Amino acid sequence: MATTSTLPLPPTQAPLKDEYGGDEINALILDPGSHSTRAGFAGEDTPKSVVPTHYGVRPDGHRLFGENAIHLPRPDMEIRNPFDTEGLVEDWDTAARLWEYTITSRLTGARSAPTPPSPAKDENGDVSMDAGTEQMQEEQEKALAEYPLLMSEPGWNPARARERTIELAMEDWGVPAFFLAKTGQLAAYANGKATALVVDVGHQNTSVTALWEGMALKKSIVKSPLAGAFLNTQLRHLFTTTTPPIPLTPHYTIASKTSVDAGHPANATYTHFPQPPHPTFRALEEDRVLLSFKESIIQTWPGPGRLDQNLDAARATPPRPFEFPNGYNTTFAVDRYRPAEPLFAATTATTSSSSGTSPPATKPDDTLPSLVARSLQTCDVDARPHLLANVILTGAGSLIEKLPERLQADLQALYPNPRVRVIASSGTVERKFGAWIGGSVLGSLGSFHQMWVSRREYEEFGAGVVEKRCK
């Protein structure tokens, strides 16, 4: 029988075909974000596991993951997030546990305990359990040893964090092969584009990445804080400044409610908690109400021109009704355009909040058209027309109604001569999970096998191999 060479593979050599099963690789795709973490198998249309990135912490330090755990009101549970405001991992221990939970809870299942080996006896007939116990622990710890793993990362992820990621995958999870790809790259692949300008509107950040023939141009990657979380601050200000002010009441505080006419005070019975949940829990539940509001009411003024130049036309549009969890309901006309306007006109952003703290100042360079312009400035002049003809809009934050139309109008005003085309999938799933879908496409390609970083390469070259292989 033929034997496989034990020599480590050089970085330019493709992994051996039988090492990962040839074209039958059952690779895992993991797309971690600051709002949710997505996981699934390569070749599938959507991620089978979508888990909130927020998690609960009990006083004893016990961590709770998943929708059911973190949305249950408990008096002693604090809500945290392992990511910082830059969209980078801050708490690696929790992030590792969260990512593993995302995969094992829905995809691979918890690894069953291996059968212990027969205990060995020493010369006196005594049984030593150390070797068997260590072997069992090692087998149990390598939860993903059967699956190559492709992970996404933000384009500004530092080198140390990239090395930490491959160390986690290889050392703690025992994956046989690994690859790290930028979210902008994957979103472009999901749209079948190798050359594109990707505008990714996420939860904490909005980023723009230029790709040329499949390679992300590092110098082109720019980002701003005008994203989903920023829109939440704008909505909170809107609710406190309307007449009358609208109290933001989460679902868990409502015991019962009765219908009332539009604009009339709510008629609800509120749940009494002997010990109220932690303030971070209430903030999380308030954000769920804001998310529902964004999905059904918020709209971008489609242009051409800014909202403040078209107020009469905006007031003439039919208002939209919304019912809050406590039963209070009202309609929103021109106000539904205001929260998203700072994405295109920085001067319209709220500069104060009801909490007494001031949100970060919005800079003109942070708007979507300015991000695109800043990214293009770093690219070769001859490449700019090709990039402008393939502007891909992705990310859950991009699902605001009429956002693609406004971006198209503003970019066309900035660049009247080249052809500008904003590509935004009409499907919610394709935009929301764009990076994951791109990873699913990439990980299922037979031609991608040579790109995997194998365990042999990792053992030979160390964590630094990720910088050489995953560009």
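Of the residues that make up the range 375-391, is at least one within 21 Å of GLU341 (Cβ to Cβ), in contact (Cβ under 8 Å) with a residue 40 or more places away in the chain and surrounded by 20 or more Cβ atoms within 10 Å (Cβ to Cβ)? Checked against the condition, which is being within 21 Å of GLU341 (Cβ to Cβ), in contact (Cβ under 8 Å) with a residue 40 or more places away in the chain and surrounded by 20 or more Cβ atoms within 10 Å (Cβ to Cβ), the range 375-391 yields at least one hit.
Checking each residue in the range 338-397 for being polar (S, T, N, Q) and modelled with pLDDT of 95 or more picks out THR367, SER370, SER375, GLN377, THR378, ASN390, THR394. Considering PRO418, PRO404, the condition of being in a loop (DSSP other than H, G, I, E, B) and touching a Leu at 6+ places or on another chain (Cβ under 7 Å) is satisfied by PRO418 alone. Listed by first and then second residue, the pairs linking a residue in the range 424-438 that is closer than 16 Å to VAL201 by Cβ and without any contact (Cβ under 8 Å) to a residue 40 or more places away in the chain to a residue that is open to solvent by 30 Å² or more (accessible area, probe 1.4 Å) and outside any loop (DSSP other than H, G, I, E, B), with Cβ atoms under 8 Å apart and 6 or more places separating them unless they lie on different chains, are THR428/LEU399; ARG431/ALA396; ARG431/LEU399; LYS432/ALA396; LYS432/LEU399.
Matching residues to (1) surrounded by fewer than 21 Cβ atoms within 10 Å (Cβ to Cβ); (2) outside any helix (DSSP H, G or I); (3) not β-branched (Val, Ile, Thr):
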{"residue": "ASN68", "(1), (2), (3)": "yes, no, yes"}
{"residue": "PRO73", "(1), (2), (3)": "yes, yes, yes"}
{"residue": "ILE79", "(1), (2), (3)": "no, yes, no"}
{"residue": "GLU86", "(1), (2), (3)": "yes, yes, yes"}
{"residue": "THR94", "(1), (2), (3)": "yes, no, no"}
{"residue": "ARG97", "(1), (2), (3)": "yes, no, yes"}
{"residue": "GLU100", "(1), (2), (3)": "yes, no, yes"}
{"residue": "ILE103", "(1), (2), (3)": "no, no, no"}
{"residue": "ARG106", "(1), (2), (3)": "yes, no, yes"}
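Looking at ALA169, is it without any contact (Cβ under 8 Å) to a residue 40 or more places away in the chain and surrounded by 20 or more Cβ atoms within 10 Å (Cβ to Cβ)?
Working: without any contact (Cβ under 8 Å) to a residue 40 or more places away in the chain: yes; surrounded by 20 or more Cβ atoms within 10 Å (Cβ to Cβ): yes.
The answer is yes for ALA169.
Taken over the range 230-245, residues that are surrounded by fewer than 17 Cβ atoms within 10 Å (Cβ to Cβ) and in contact (Cβ under 8 Å) with a residue 40 or more places away in the chain amount to 2.
Which ones in the range 43-66 are part of a strand (DSSP E or B) and not polar (S, T, N, Q)?
Let us first name the residues in the range 43-66 that are part of a strand (DSSP E or B), namely 49-52, 55-57, 63-64.
Hits for the range 43-66 are VAL50, VAL51, PRO52, TYR55, GLY56, VAL57, ARG63, LEU64.
Of the residues that make up the range 262-282, is at least one open to solvent by less than 50 Å² (accessible area, probe 1.4 Å), part of a helix (DSSP H, G or I), out of contact with any Asp or Glu (no Cβ under 7 Å at 6 or more places or on another chain) and closer than 27 Å to GLY397 by Cβ? The answer is yes; a qualifying residue exists.
The values are calculated or read from the model by the stated rules, or taken from the named source; none is laboratory data. Here the structure is a predicted model, which is why all the values come from computation and not from measurement. So basically every Cβ, Gly included, is an ideal-geometry build from the backbone, and we count neighbours across all protein chains shown. Only protein heavy atoms, including side chains, enter the accessible area calculation; ligands, DNA and RNA are left aside. Shrake-Rupley method; radii C 1.70, N 1.55, O 1.52, S 1.80 Å.
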